[in-house]
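Coordinate-derived values only; no laboratory data. Quick caveat: nothing in here was measured; it's all calculated off a predicted structure. Neighbour counts are summed over all protein chains in view; Cβ atoms, including those assigned to glycine, are modelled from backbone coordinates with ideal geometry.
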Amino acid sequence: MRWTSWHHGRPGSCARPSEPGSLAVGVPDDTGILAAGMELLDGTVIAMHGPLVRVQIGDRTLVVSSRRRLNWEGGTPVQARLVVGDHVMVEVQGDEGVVVAVHARRNSLVRKAPSSTRAQVLAVNVDQALLVFASRSPEPKPGLIDRFLVACAIADIEAVLVINKIDQGTHEIDPWLHHYAAVGYPVLRVSARTAWGLGQLKRLLPDRTTLFCGPSGAGKSSLLNRVYPGFRLKVGSLSESTGKGTHTTTTAELMPLPYGGFVVDTPGLKEFGVWDPTAEQLQTAFPEIAECMGRCRYPDCIHLHEPECAVQEAVEAGRIWDSRYRSYRKMVEEALA
Ligand SMILES: Nc1nc2c(ncn2[C@@H]2O[C@H](COP(=O)(O)OP(=O)(O)OP(=O)(O)O)[C@@H](O)[C@H]2O)c(=O)[nH]1
Ligand SMILES: [Mg+2]
Ligand SMILES: [Zn+2]
């Protein structure tokens with residue numbers, strides 16, 4: 001059975017991210033012959049520990065190694081390293097195993113690694129991303145929200161904007177948060193502290209794989225502990241002097257929910273460079289800009305300085321929020337640089 005058959009699986013199937021049996025890609029070695037007592041099984045990467053890989057195989061969790069040269073179904077990806085959510089084939093003998101092949105990824109959320117020109121794959125094979133920001137502290141920055149939203153759109157991952165800590169007040173976000181709902185993003189206001197809004201959040205989770213991402217200290221792990229206290233995730237404290245989170249969660253982890261579905265808790269991200277987008281991808285990633293398509297004077301208008309541009313007119317008329325347009329411009333200029 002393959003990924004598609006388990007991630008929509010029945011409730012209660014959560015301890016079974018994949019089932020052994022199908023040998024779709026890869027050969028165990030050059031001869032294609034398995035040693036005695038060795039099985040080739042499908043599994044899912046649930047955490048990475050340096051060179052070691054924690055995989056879920058049926059009901060079992062094993063910590064295994066990985067072959068240096070993996071067989072990537074569908075071609076080697078931009079960053080040829082295993083990531084949480086990867087669906088892999090493992091040669092298993094007793095309690096030991098080696099990852100030998102990786103099934104094609106359904107999608108991947110990629111960013112530009114900070115202070116480098118390389119890609120960093122944050123998660124793969126997820127159905128939706130909850131972008132968790134705090135209502136006040138750490139300060140929610142619309143520019144950063146836009147980058148997460150664009151990366152999700154390019155990766156074809158549904159994004160939900162979750163504003164946590166509304167118990168701290170909402171007057172900072174009230175002037176602008178409505179712009180996101182207005183262009184079609186689902187927006188939730190929640191508090192892990194008071195449990196406000198958690199019913200709505202929980203309803204999004206069954207039978208899907210959900211990535212929790214956002215800045216450090218926004219409360220991703222706190223929300224997950226509220227969703228399912230069994231997780232017992234470590235939560236951090238905000239630095240008194242900077243008001244910033246201090247990276248309490250240090251590695252991404254895929255965790256089964258007791259009522260079906262999976263969640264991935266991730267370490268906080270301070271910055272988010274969208275990986276190598278084209279101007280076309282950026283135009284479609286902003287719904288309000290995509291909506292203007294075909295209404296500019298020049299059919300190849302990328303809405304920067306061109307005359308008679310429907311997007312620039314909509315910004316001037318206040319129909320497109322100028323902060324979103326600034327984000328768009330910045331990303332297009334970076335992409336063209
Ligand atoms: N007032 C208030 N504080 C909260 C809320 N949710 C989380 N916090 C606090 O915010 C701090 C950070 O919470 P975490 O859950 O560790 O944040 P995180 O997003 O997982 O951070 P990283 O793991 O570093 O990425 C902790 O001190 C939490 O107690 C909330 O709804 N209201
Ligand atoms: Mg955390
Ligand atoms: Zn235009």
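Overview of values
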{"quantity": "Residue order, fewest to most beta carbons within 10 Å, for Tyr185, Tyr328", "calculated": "Tyr185, Tyr328"}
{"quantity": "Region 108-265: mean projected area of Cα convex hull, nm²", "calculated": "9.3 nm²"}
{"quantity": "As computed over region 48-176, the Cα convex hull volume per residue (Å³)", "calculated": "148 Å³"}
{"quantity": "Antiparallel %, DSSP beta bridges [both residues in the chain], to 5", "calculated": "60 percent"}
{"quantity": "Percentage, to the nearest whole number, of Cα pairs in region 277-336 over 18 Å apart", "calculated": "22 percent"}
{"quantity": "Those aspartates and glutamates that a straight Cα-Cα span of less than 13 Å connects to Lys112, excepting residues fewer than 8 apart in one chain", "calculated": "Glu271, Asp276, Glu334"}
{"quantity": "Length-normalised contact order for region 277-336 - Cα pairs under 8 Å, 6+ apart - percent", "calculated": "37 percent"}
{"quantity": "Helix 142-155 vs. the chain, principal-axis angle (Cα, 0 to 90°, nearest 10)", "calculated": "50 degrees"}
{"quantity": "Measure of compaction for the chain (Cα Rg per 2.2 N^0.38 Å)", "calculated": "1.07"}
{"quantity": "Under 27 Å from Lys165, Cα to Cα: lysines that are on another chain or at least 8 residues apart", "calculated": "Lys141, Lys202, Lys220, Lys234, Lys244, Lys270"}
{"quantity": "Region 230-337, Cα convex hull volume normalised per residue, Å³", "calculated": "185 Å³"}
{"quantity": "Histogram of C-alpha separations across region 171-230, 5 Å bin width, %", "calculated": "4, 14, 22, 27, 21, 8, 2, 0"}
{"quantity": "Sorted by Cβ density within 10 Å, fewest first, the residues Trp275, Trp72", "calculated": "Trp72, Trp275"}
{"quantity": "The chain, relative contact order [Cα under 8 Å, separation at least 6], %", "calculated": "15 percent"}
{"quantity": "Relative exposure of Leu211, Leu82, judged by other C-beta atoms within 10 Å (fewest first)", "calculated": "Leu82, Leu211"}
